[in-house]
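Chemist: Before I ask anything, let me first share the structure, which is written out below as structure tokens.
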Amino acid sequence: MNNSAANTGRVLWAGLRALLVLTVLCGVLYPLAVTGVAQLAMPGRANGSEMKDASGKVVGSALIGQTYNLPLKEGEETATADLRWFQPRPSNGLGTNSVNTQYQLILSGATNRSGDNADLIQWVTDAKAAVVKDNSTAGHQVKPSDVPADAVTSSGSGLDPHISPEYARLQVHRVAERNKLTVAQVDKLVADHTDDRILGFIGEPRVNVLALNTALRDLTAKN
């Protein structure tokens, strides 16, 4: 019995020492090493790809879409888009919510509805009519055929930070009018913030909405 107890004690002590060593190595030293390398090699990405305005204030992440809505009034449940800003593509929610209007991360996902689903067809139809109405100005009429697919459909995650250059250009006249800027000024903003295909052939040209609206805010502050 004494030998058995001694052997058990040695095994438990060995296991405890292994636990302590591995806790220090894997739970302390390794995370610190990885964090240190990340901060030295790619601090921007390591910190969440933060985006800052001209004053240095963090305005969000370049990887996650945002909404640009007017503040909710008392009794309102659905936010209204603030048409001074470039609008992102729709964001679909999960469960009973048809649209994730706040780009909440917990609701990330697609609608999982087929292309011939009646609800989806109605959402797209209503969204297209809203895009035409919102972006038509006294001197510029948007046609339904001008509306690109990403203006009325969400991405697979529902949190896409980008829109197509076509959708960005469709919004130029409205943004210029609302901010008392010239169309040429706003058009240049879009051109300056249009990213080409990665390596020239991967993906599609795209515009980061947060970066574009941050530049717009900086431009309007100067005028």
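Chemist: Can you tell me which residue in segment 138-174 is farthest from ILE64 (Cα to Cα), limited to those that are touching a Leu at 6+ places or on another chain (Cβ under 8 Å) and without any contact (Cβ under 8 Å) to a residue 40 or more places away in the chain?
Modeler: Across segment 138-174, the extreme among qualifying residues is VAL142.
Chemist: Go through segment 51-72 and report how many residues are part of a loop (DSSP other than H, G, I, E, B) and either touching a residue at least 40 places away in the same chain (Cβ under 8 Å) or surrounded by fewer than 11 Cβ atoms within 10 Å (Cβ to Cβ) (or both). Reasoning before the result, please.
Modeler: Looking only at segment 51-72, we keep the residues that are part of a loop (DSSP other than H, G, I, E, B), and these are 53-57, 62-68, 70-72.
Filter once more, so that each one left must be either touching a residue at least 40 places away in the same chain (Cβ under 8 Å) or surrounded by fewer than 11 Cβ atoms within 10 Å (Cβ to Cβ) (or both): 53-57, 62-66, 68, 71.
Residues flagged as part of a loop (DSSP other than H, G, I, E, B) and either touching a residue at least 40 places away in the same chain (Cβ under 8 Å) or surrounded by fewer than 11 Cβ atoms within 10 Å (Cβ to Cβ) (or both) within segment 51-72 amount to 12.
Chemist: While we're on this one: Would you point out the residue of segment 107-135, among those that are at negative phi and in contact with a Gly (Cβ under 9 Å, 6 or more places away or on another chain), that is modelled with the highest pLDDT?
Modeler: Start the filter on segment 107-135 by keeping residues that are at negative phi, which leaves 107-108, 110-111, 113-135.
Add one more test, that the residue is in contact with a Gly (Cβ under 9 Å, 6 or more places away or on another chain), and what stays is 107-108, 110-111, 121.
Working: LEU107: 59, SER108: 62, ALA110: 66, THR111: 68, ILE121: 87.
Residue satisfying both the conditions and the ranking: ILE121.
Chemist: Take the residues of segment 134-155 that are of a type in the set (Gly, Ala, Ser) and open to solvent by 60 Å² or more (accessible area, probe 1.4 Å): which is nearest to the chain's Cα centre (by Cα)? So that I can check it myself, show each step before the final result.
Modeler: We begin by selecting, within segment 134-155, every residue of a type in the set (Gly, Ala, Ser); these are 136, 138-139, 145, 149, 151, 154-155.
Of the ones still in play, those that are also open to solvent by 60 Å² or more (accessible area, probe 1.4 Å) are 138-139, 145, 149.
Numbers: ALA138: 31, GLY139: 31, SER145: 26, ALA149: 18 Å.
Here the residue is ALA149.
Chemist: Looking at segment 136-189 only, could you name the residues that are β-branched (Val, Ile, Thr), modelled with pLDDT of 95 or more, assigned to a loop (DSSP other than H, G, I, E, B) and touching a Lys or Arg at 6+ places or on another chain (Cβ under 9 Å)?
Modeler: VAL142, VAL147
Chemist: Then there is this: Of the residues GLY60, GLY9, GLY15, GLY36, which single one is modelled with pLDDT under 85 and farther than 14 Å from VAL209 by Cβ? Break it down into steps so the answer makes sense when it comes.
Modeler: Numbers: GLY60 fails: farther than 14 Å from VAL209 by Cβ; GLY15 fails: modelled with pLDDT under 85; GLY36 fails: modelled with pLDDT under 85.
From the options GLY60, GLY9, GLY15, GLY36, the qualifying one is GLY9.
Chemist: Something else about it: Report yes if some residue within segment 175-191 is open to solvent by 20 Å² or more (accessible area, probe 1.4 Å), in contact with a Ser or Thr (Cβ under 6 Å, 6 or more places away or on another chain) and in contact (Cβ under 8 Å) with a residue 40 or more places away in the chain; otherwise report no.
Modeler: yes
Chemist: Now for a separate question. What is the one condition in (1) of a type in the set (D, E, K, R); (2) without any contact (Cβ under 8 Å) to a residue 12 or more places away in the chain; (3) surrounded by 20 or more Cβ atoms within 10 Å (Cβ to Cβ) that ARG206 does not satisfy?
Modeler: (2)
Chemist: Ok, one more. So PHE201 passes all but one of these: (1) among the aromatic types (Phe, Trp, Tyr); (2) open to solvent by 80 Å² or more (accessible area, probe 1.4 Å); (3) within 20 Å of TYR68 (Cα to Cα). Which condition number does it fail?
Modeler: Failing condition for PHE201: (3).
Chemist: Follow-up. Name the single residue that is nearest to ARG174 (Cα to Cα) among those in segment 113-133 being open to solvent by 70 Å² or more (accessible area, probe 1.4 Å) and of a type in the set (A, V, I, L, M).
Modeler: Per the stated criteria, the residue is ILE121.
The values are calculated or read from the model by the stated rules, or taken from the named source; none is laboratory data. Keep in mind that what you see is a predicted model, and the values were worked out from it rather than measured. Glycine also receives a Cβ, built like all others from the backbone with ideal geometry; neighbour counts cover every protein chain displayed. Areas reflect the complete protein model, heavy atoms only, side chains present, ligands, DNA and RNA absent. Shrake-Rupley method; radii C 1.70, N 1.55, O 1.52, S 1.80 Å.
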